[in-house]
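A.B. asks: First the structure, which I've put down as structure tokens, then a few questions once you've had a look.
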Amino acid sequence: MKFNLWFRAYRGFSSQQTLKKFEDIPGPRPYPIVGNLPELKIFGGDLEFNPFDKFCLNLHEKYGDLVRWSILGENNLFVFKPEHAKIVFQNEGPSPNRPSVIPWEVYSKRKNYPSGLVNSQGDIWKNQRSASNPIVAKPQAVAMYLDTHNKIIDEFVDILMNNSHNGEPFAIKKFETELKYVLLEMMSIVAFDQRLQCINAEKRSPEILKLFNSIKDYGDLTSQLFYNIPIWKYFRNKLWREFERTSDFVYNFTRKYVTESYNYVKNLNQKGNHTMLQQYLLNKNNLSFDDIVSIMSEFLLAAFDTTSTTLHFWLHRISSNPDIQEEIYEEILKNDKKNAYIDQDYLSKIPLLKASLKESQRLHSIAPTNGRVLPNDIILDNYLIPKNTTINMAFFLMSKSTKYFKNPEQYDPKRWLRESNSDPINPYTSMPFGFGSRMCIGRRLAEQKMYLIMIKILKNFRLEYIGKEPKLGFRLIVVPDYDLTLKFIPRKN
């Protein structure tokens with residue numbers, strides 16, 4: 001195995017070429033002990049570390065496709081070419097490590113809670129992922145939720161329709177807030193086997209409102225901790241205490257509902273069709289109850305943050321491109337059945353709608369970089385990259401580069417359809433869900449939810465974006481820093 005990894009790393013390297021050291025890679029000159037910290041504005045330099053996407057762009061423009069960076073003795077490498085990203089992924093090993101979100105790691109250790117799939121590493125991650133793959137990643141496991149998710153979105157569409165008087169158009173400001181409630185409701189079926197009654201404002205309990213605000217604050221506070229001097233690692237300052245209170249509420253909320261499900265599940269027959277949560281609780285597969293609670297907490301947080309952000313960008317693109325929107329509507333009509341139920345067969349026949357999501361994700365990569373910490377040395381452009389170097393692959397730049405895409409700033413879903421695009425797209429230029437064994441385990445579930453929402457909204461309404469000029473913000477992910485204000489025009493069908 002080690003020989004194969006070594007061979008992969010060194011293939012393409014000729015003995016006539018001179019192997020260069022990591023220190024020879026272009027990048028700012030590091031200082032003893034502190035590394036490149038003096039380059040940052042907070043320490044008197046010129047570089048802004050936050051927003052992180054602009055930080056990466058500045059490094060790329062100044063130093064090129066490979067950029068060395070060092071902080072407090074830790075080597076980092078920024079990668080801006082898909083060919084290099086491919087080599088990194090080919091050498092990630094069977095249990096890929098990636099940079100941890102340090103506030104989450106510190107919180108888990110202080111509380112003695114296990115990390116979930118997002119932040120765990122090594123054998124712990126491998127055990128969690130091996131147990132989760134057959135439960136979460138299979139198409140039939142995701143399809144189990146089609147019935148309930150159809151019903152939830154139908155209820156949501158009915159609520160939207162109530163805003164229209166006699167079929168007249170209407171506008172909704174901050175539509176992203178309603179989307180988050182819908183996604184939270186859809187994910188509660190997965191995480192807790194029950195609905196939280198989120199989508200109807202009149203039915204939202206004080207506990208649900210607190211959960212909603214806590215999940216929102218969780219992302220904001222994580223970002224503040226991550227991009228500030230980490231004094232909270234050594235003593236619990238005010239910012240850390242706020243983060244801890246918020247995290248405690250989300251974790252304890254999840255534990256409460258998972259416990260309710262466990263009290264029901266323990267009397268079930270081991271055989272038969274079971275939900276994802278029931279399979280976790282019945283099978284366990286070397287997972288502790290706390291492992292399961294951590295994983296379900298992540299499901300909630302992902303539904304709220306990453307999925308809602310992706311849907312926000314996608315709806316903005318669709319509502320701003322009426323011609324594309326109408327083509328997708330025609331595709332929906334071709335597949336439409338007498339009832340409103342959308343099944344797996346339906347979802348297999350919407351190539352343009354799927355391409356429109358993929359194109360939105362290309363233009364709005366919510367993760368500025370995808371990181372790996374490799375177990376072996378590799379070679380990139382004749383530079384020796386030592387093992388344990390943190391390698392950051394900047395897909396958000398590659399996916400908008402003229403080197404890899406024609407008219408990269410144009411929203412063109414058909415570039416992803418084979419019959420419309422004669423130029424093949426390098427798959428390592430845009431990876432919204434990651435790659436390999438560590439790619440997002442909830443990809444199918446997230447896509448299914450977004451497809452259902454978009455189909456049912458476009459089937460009933462023509463959309464127009466009437467908000468302000470879009471701007472981007474940054475937390476741990478790239479987020480829209482603008483309200484999703486939409487005009488809904490009911491369709492006559």
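A.B. asks: How about region 70-95: which of its residues are closer than 24 Å to Arg475 by Cβ and touching a residue at least 60 places away in the same chain (Cβ under 8 Å)?
C.D. replies: Glu74, Asn76, Leu77, Phe78, Val79, Phe80, Ala85
A.B. asks: A further question on this structure: Tally up the residues in region 77-136 that are polar (S, T, N, Q), out of contact with any helix residue (DSSP H, G or I) (no Cβ under 9 Å at 6 or more places or on another chain) and closer than 29 Å to Phe243 by Cα, please.
C.D. replies: The qualifying residues number 2.
A.B. asks: Which residue is farthest from Val136 (Cα to Cα), if the candidates are limited to region 427-481 and must be of a type in the set (Phe, Trp, Tyr) and out of contact with any strand residue (DSSP E or B) (no Cβ under 9 Å at 6 or more places or on another chain)?
C.D. replies: Checking each candidate, the answer is Phe474.
A.B. asks: Can you name every one of the helices (runs of 4 or more DSSP H) wholly within region 273-325 that holds 2 or more residues which are in contact (Cβ under 8 Å) with a residue 24 or more places away in the chain, closer than 19 Å to Gln410 by Cβ and in contact with a Phe, Trp or Tyr (Cβ under 6 Å, 6 or more places away or on another chain)?
C.D. replies: It comes to 308-319.
A.B. asks: How about region 81-163: which helices (runs of 4 or more DSSP H) wholly inside it have at least 2 residues that are buried (at least 19 other Cβ atoms within 10 Å of the Cβ), polar (S, T, N, Q) and on the phi < 0 side of the Ramachandran plot?
C.D. replies: Passing ranges, in order: 122-132.
A.B. asks: Pairs please, first residue from region 209-237 and surrounded by 17 or more Cβ atoms within 10 Å (Cβ to Cβ), second anywhere and among the basic types (Lys, Arg), Cβ atoms under 7 Å, 6+ apart in sequence or on different chains.
C.D. replies: Every condition considered, the pairs that remain are Gly219/Arg475; Ser223/Arg475.
A.B. asks: Please go through region 338-393 and pick out each residue that is charged (D, E, K, R), in a helix (DSSP H, G or I) and under 30 Å from Leu472 (Cα atoms).
C.D. replies: Correct list: Lys354, Lys358, Glu359, Arg362.
A.B. asks: Restricting region 275-326 to residues that are farther than 23 Å from Arg195 by Cβ and small (Gly, Ala, Ser), which is surrounded by the fewest Cβ atoms within 10 Å (Cβ to Cβ)?
C.D. replies: Per the stated criteria, the residue is Ser288.
A.B. asks: Quick check on my filter: what residues within region 52-69 are surrounded by 19 or more Cβ atoms within 10 Å (Cβ to Cβ) and touching a Gly at 6+ places or on another chain (Cβ under 9 Å)?
C.D. replies: Leu59, Leu66, Val67, Arg68, Trp69
A.B. asks: For region 23-42, enumerate the residues that are surrounded by 13 or more Cβ atoms within 10 Å (Cβ to Cβ) and under 15 Å from Leu72 (Cβ atoms).
C.D. replies: Result: Pro28, Pro30, Val34, Gly35, Asn36, Leu37, Pro38, Glu39, Leu40, Ile42.
A.B. asks: Mind listing whichever residues of region 223-253 are under 23 Å from the mean Cα position of the chain (by Cα), assigned to a helix (DSSP H, G or I) and at pLDDT below 95?
C.D. replies: Across region 223-253, the qualifying residues are Ser223, Gln224, Leu225, Phe226.
The values are calculated or read from the model by the stated rules, or taken from the named source; none is laboratory data. Everything numeric in this text was worked out from a predicted model, so none of it was measured. Cβ coordinates were reconstructed from backbone atoms using ideal geometry, including for glycine residues, and neighbour counts include every protein chain displayed.
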